[in-house]
Amino acid sequence: MIETQYKIADTLLTFLLDKNGRANIDEYSAYMEKAGYSIPDIIFLRDALISSGFIEYRGSDNYFIALTLRGGKAARYGIEDFLDKEEQEKREKHISGTNVHVVGDNYGNYSQTGTTKEAGKQEGLFMKVAVGVLTAVLAAFIAKYLNL
C-alpha cells in the first residue's frame, strides 16, 4: 500500500470503529466522500480491506460492511503500524524456534519435535530420569564410602 491508500484505509476503519463496527454503503460512502476521497478509491480500498480480512460484507446484498476482529485491531493501531507489528510477530515466532525444537540426551541422541510444548514434555521427562539416576548414584556412593 502507498501512503494515500493507508490514509483511506485508516479513515474507513476508524469510521467503522466509531459506528460500532458496521455501516451501510450510503453511510460510509458519504463519509468518505466528505473526507475528500473519490468513489473509485473508496471502492478499491473497500475491496482490498475485504480481501485482506479487515472488513467483511454483512447481509445478502452487500449493503452493509463490518469490521472483523483483525480490522478492529488495525483501526485502533492504524493499519500501517498494525501490518508492521503483524510482520514483526511472524519473524519473531519463526526465529524463536516455536516451529521446531531439538532435544538431546547424554548419549548424543537428538530428537526433533513439531512444537515447543512437545519438546518441553520430553525435556521434563529427561530431567526426571536424570535426577533419578543421579539420586541413585549418590545414594550408592554414600553407602559405599560412608559404610552405611
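No lab work stands behind these numbers, since they all come straight from the coordinates. Just so we're clear, the structure is a prediction, and the values are computed from it rather than from any experiment. Cβ: placed from backbone, ideal geometry, glycine included. Neighbour counts: every protein chain shown.
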Practice item. Report, in cubic angstrom per residue, the convex hull volume of the C-alpha atoms of the range 1-48. Key: 68
Practice item. Rank the residues Asp41, Asp61, Asp47 as a footprinting-exposure proxy: fewest other Cβ atoms within 10 Å of their Cβ go first. Key: Asp61, Asp47, Asp41
**Study point:** Relative contact order computed over the range 1-84 (Cα-Cα under 8 Å; 6+ residues apart), in percent
**Key:** 35
Check your understanding: Which length gain, in nm to one decimal place, applies between Ile39 and Arg76 when the Cα-Cα distance is subtracted from 0.36 nm times their residue separation?
Key -> 10.9 nm
Point to revise | Label-to-label distance, nm, for residues given as Asn24 and Val131 (7 Å Cα→Cβ offset) | key: 6.6
Point to revise | Charge sum, other residues only, whose C-beta stays under 11 Å from Ile8's C-beta, Lys/Arg counted +1 and Asp/Glu -1 | key: -1
**Study point:** Lys93-Glu56 FRET efficiency (beta carbon distance; Förster radius 25 Å; 0.05 resolution)
**Key:** 0.45
Check your understanding: Given the Cα-Cα distance of Leu17 and Asp47 and 0.36 nm per residue of separation, how much length would full extension add, in nm?
Key -> 9.0 nm
